[in-house]
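Q: I have a structure I would like to understand better, so I am pasting it below and will then ask my questions one at a time.
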Amino acid sequence: MRKIKVKKILIILGIILLLSGIGIGGFWGYKYLKVRKARLEEIFEKKFEETSYLYEEALIGASSPSEQKAGFKKVAIELESLLKMKPNNEETLKKLVELYRNLEEYDKAIEYAKKLLKLRPEKADYYWLLGNIYLVDKFDLNRAEEFYKKALQKNPNHLPSYIDLARIYKSQNKKELLNEIEEKLKELMK
């Protein structure tokens with residue numbers, strides 16, 4: 001008799017929770033989450049647009065290099081806060097790589113480029129981007145070559161990787177490798 005009363009009470013309590021939207025997967029709970037997600041997306045897009053404007057302003061409108069650098073730092077802070085909202089947003093990560101290269105904080109640029117690569121390991125452009133940072137900014141020809149070759153593994157027709165490999169081989173006076181790259185470039189240009 002006592003077990004039946006407890007069962008009835010639990011059933012009634014479950015029905016009340018379900019109807020009130022408190023239950024798991026309740027209609028109102030689901031609707032709230034859906035509206036909240038849409039609102040967060042809207043906020044993110046607006047803030048990203050604002051940071052793009054601030055970036056352009058710092059890039060073009062700064063009257064001195066120090067003013068430009070301060071503008072870039074402000075944008076970087078904003079973008080990093082956006083990244084907390086959406087940690088896998090490619091556009092935000094790409095913009096941070098660009099910003100930190102402009103700020104000459106190459107280790108930070110590499111950190112964000114590696115996050116891009118982790119997010120999209122199939123994308124040859126991100127291997128090339130890392131190679132370019134190592135070549136142009138860090139002057140590490142071996143690491144640059146490594147990433148260019150990985151880009152070519154992902155996309156055997158990735159023209160920027162061939163061009164930058166040719167630059168490396170020319171600077172190292174590696175004529176055989178340079179000739180191979182030049183032949184491949186001619187083939188790709190047909």
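Throughout, read-outs are computed from the coordinates displayed, never taken from laboratory work. Quick caveat, the model's predicted, so the values are computed rather than measured. A quick note on method: Cβ atoms are made from the backbone with ideal geometry, for glycine too, and the neighbour counts reach across all protein chains shown.
Q: Rounded to two decimals, what is Rg over Rh for segment 107-190 when you use alpha-carbon atoms and the Kirkwood radius?
A: On the way: Rg = 12.7 Å, Rh = 12.8 Å.
Taking Rg over the Kirkwood Rh, I get 0.99.
Q: Multiply the residue separation of Glu146 and Ile11 by 0.36 nm, subtract the distance between their alpha-carbon atoms, and state the gained length in nm to one decimal.
A: Working: separation 135, 0.36 × 135 = 48.60 nm, distance 6.39 nm.
Extending this stretch completely gives an extra 42.2 nm.
Q: Averaging sequence separations of C-alpha pairs under 8 Å and six or more residues apart, then dividing by the length of segment 121-190, give the relative contact order as a whole percent.
A: Numbers: 66 pairs, mean separation 18.3, N = 70.
Across segment 121-190, relative contact order equals 26 percent.
Q: Another question about this same structure. So if R0 is 45 Å, what FRET efficiency would Lys174 and Leu59 give, r being the distance between their Cβ atoms, rounded to the nearest 0.05? Please list the in-between numbers first.
A: Details: r = 37 Å, r/R0 = 0.82.
Here the calculated transfer efficiency is 0.75.
Q: So if each residue of separation counts as 0.36 nm, and I subtract the Cα-Cα distance between Lys114 and Glu80, what length gain in nm does that give?
A: 10.7 nm
Q: While we're here: Please list, or write none, the aspartates and glutamates whose alpha carbon is within less than 14 Å of the alpha carbon of Lys175, excluding same-chain residues fewer than 8 places away.
A: Cross-link targets: Glu183.
Q: Related question: Run the simple label-point estimate for Asn157 and Ser52 please: 7 Å along Cα→C-beta, distance reported in nm.
A: 2.9 nm
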